[in-house]
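Q: One structure, pasted below without further comment.
The values are calculated or read from the model by the stated rules, or taken from the named source; none is laboratory data. Everything numeric in this text was worked out from a predicted model, so none of it was measured. Positions of Cβ are backbone-derived with ideal geometry, glycine not excepted, and every protein chain shown enters the neighbour counts. Each accessible area value is taken on the protein alone, full model and side chains, heavy atoms only, with ligands, DNA and RNA left out. Shrake-Rupley method; radii C 1.70, N 1.55, O 1.52, S 1.80 Å.
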Amino acid sequence: LFKGTRFYAFSLEKGGQKLDKGVLEVIEVRETGSSICAIISTRYPEWPLTEGDQIYNELYEGGRARHIAFAGRFTGRLSNEEAANLIREFGDSHQDKVDEKTNYVVVAEGYEEHPNFKAAQEFGIKILRENILMDYLGIRRD
């Protein structure tokens with residue numbers, strides 16, 4: 001976990017219905033393994049974030065390395081190469097080509113015809129947008 005990681009907060013309502021409530025961002029990572037988060041936004045003023053709400057991040061699975069491939073060319077703050085290097089620095093694996101180990105394919109400009117996108121569809125690999133990867137890497141979008 002690192003400063004800038006974003007999590008989405010939700011509560012489980014009657015019947016197991018998930019109610020998305022807001023976005024949190026890690027602002028401090030402590031040596032003790034705990035972190036401090038700030039509330040970035042709330043979805044519904046009538047349902048504020050409360051103790052007991054749960055959080056998730058589409059990529060973060062604490063302690064388990066992910067295998068991530070790209071389809072297309074990034075157009076945001078990072079190039080494909082820079083993003084791949086950051087993925088490796090986090091202890092995950094960047095893959096040039098999708099294989100049986102691939103957990104995620106991140107789509108960017110021109111992904112529709114990219115072989116990794118086609119393979120992800122064929123094998124049922126989870127597809128993520130570039131902005132989700134940037135959240136995971138702690139790259140601000142503003």
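Q: Only residues that are more than 22 Å from residue 66 (Cβ to Cβ), surrounded by 10 or more Cβ atoms within 10 Å (Cβ to Cβ) and of a type in the set (Lys, Arg): list them for region 1-50, please.
A: Passing the criteria: 18, 21, 43.
Q: Okay, moving on. Hey, any hits in region 104-111 for a residue that's out of contact with any Asp or Glu (no Cβ under 6 Å at 6 or more places or on another chain), charged (D, E, K, R) and open to solvent by 40 Å² or more (accessible area, probe 1.4 Å)?
A: The answer is yes, given that some residue of region 104-111 is out of contact with any Asp or Glu (no Cβ under 6 Å at 6 or more places or on another chain), charged (D, E, K, R) and open to solvent by 40 Å² or more (accessible area, probe 1.4 Å).
Q: Look at residue 107 and say whether it is of a type in the set (A, V, I, L, M, F, W, C) and more than 22 Å from residue 3 (Cα to Cα).
A: yes
Q: Then there is this: Considering only residues that are free of Cβ contacts under 8 Å to residues at least 60 places away in the same chain and farther than 15 Å from residue 8 by Cβ, which ones fall in region 51-73?
A: Selection gives 51, 52, 63, 64, 65, 66, 67, 69, 70, 71, 72, 73.
Q: I've got another one for you. Just for strands (runs of 3 or more DSSP E) wholly inside region 1-55: which have at least 2 residues that are of a type in the set (Ser, Thr, Tyr)?
A: Fully inside region 1-55 and qualifying: 6-12, 35-42.
Q: Go through region 129-142 and report how many residues are in contact (Cβ under 8 Å) with a residue 24 or more places away in the chain, surrounded by fewer than 19 Cβ atoms within 10 Å (Cβ to Cβ) and either among the acidic types (Asp, Glu) or at negative phi (or both).
A: Of the residues in that region, 5 qualify.
Q: Let me ask something additional. Got a number for residues in region 55-89 being open to solvent by 30 Å² or more (accessible area, probe 1.4 Å), more than 19 Å from residue 111 (Cβ to Cβ) and touching a Phe, Trp or Tyr at 6+ places or on another chain (Cβ under 8 Å)?
A: Matching residues across region 55-89 total 3.
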